[in-house]
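**Q** My questions will all concern the structure given below.
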Amino acid sequence: MSIAKYVGRAVVIVYMDKKERISKRTIRVIRIDAGTIYAFDMSRNAPRRFASERILAVQPVIVHAS
């Protein structure tokens with residue numbers, strides 16, 4: 001899974017934290033550095049860091065024109 005192609009875009013991720021709790025987050029990927037994804041978490045309205053090895057799934061957010 002390559003999240004690098006989503007830098008600058010919004011994606012939905014399924015993430016497992018250190019305590020093995022799974023959550024679904026909508027984030028905007030800012031940059032990737034040494035296995036860490038720096039992103040803006042839209043659900044929490046705050047910047048966050050995510051360990052790439054803990055991301056279980058990624059799906060781009062599709063914006064439909066109306």
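**Q** Which residues, counting only those in the stretch 30-45, are over 11 Å from the mean Cα position of the chain (by Cα) and surrounded by 15 or more Cβ atoms within 10 Å (Cβ to Cβ)?
**A** Of everything in the stretch 30-45, nothing turns out to be over 11 Å from the mean Cα position of the chain (by Cα) and surrounded by 15 or more Cβ atoms within 10 Å (Cβ to Cβ).
Conditions (1) β-branched (Val, Ile, Thr); (2) in a loop (DSSP other than H, G, I, E, B); (3) surrounded by 15 or more Cβ atoms within 10 Å (Cβ to Cβ); (4) touching a residue at least 24 places away in the same chain (Cβ under 8 Å), marked per residue:
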site: Ser2; (1), (2), (3), (4): no, yes, no, no
site: Val14; (1), (2), (3), (4): yes, no, no, yes
site: Arg28; (1), (2), (3), (4): no, no, yes, no
site: Pro47; (1), (2), (3), (4): no, no, no, no
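**Q** Name the residues in the stretch 16-26 that are closer than 21 Å to Ile62 by Cβ and surrounded by 14 or more Cβ atoms within 10 Å (Cβ to Cβ), would you?
**A** Correct list: Arg25, Thr26.
**Q** Let me ask something else about it. Hey, can you tell me all the residues within the stretch 52-66 that are over 15 Å from the mean Cα position of the chain (by Cα) and of a type in the set (Gly, Ala, Ser)?
**A** Ala65, Ser66
**Q** Before we move on, is Ala34 over 14 Å from Ala10 (Cβ atoms), small (Gly, Ala, Ser) and either in contact with a Lys or Arg (Cβ under 9 Å, 6 or more places away or on another chain) or in contact (Cβ under 8 Å) with a residue 12 or more places away in the chain (or both)?
**A** No: the conditions fail for Ala34.
Taken together, the values in this text are just the output of simple stated rules run on the coordinates, not laboratory data. Not measured: the values here are computed from a predicted model. So basically every Cβ, Gly included, is an ideal-geometry build from the backbone, and we count neighbours across all protein chains shown.
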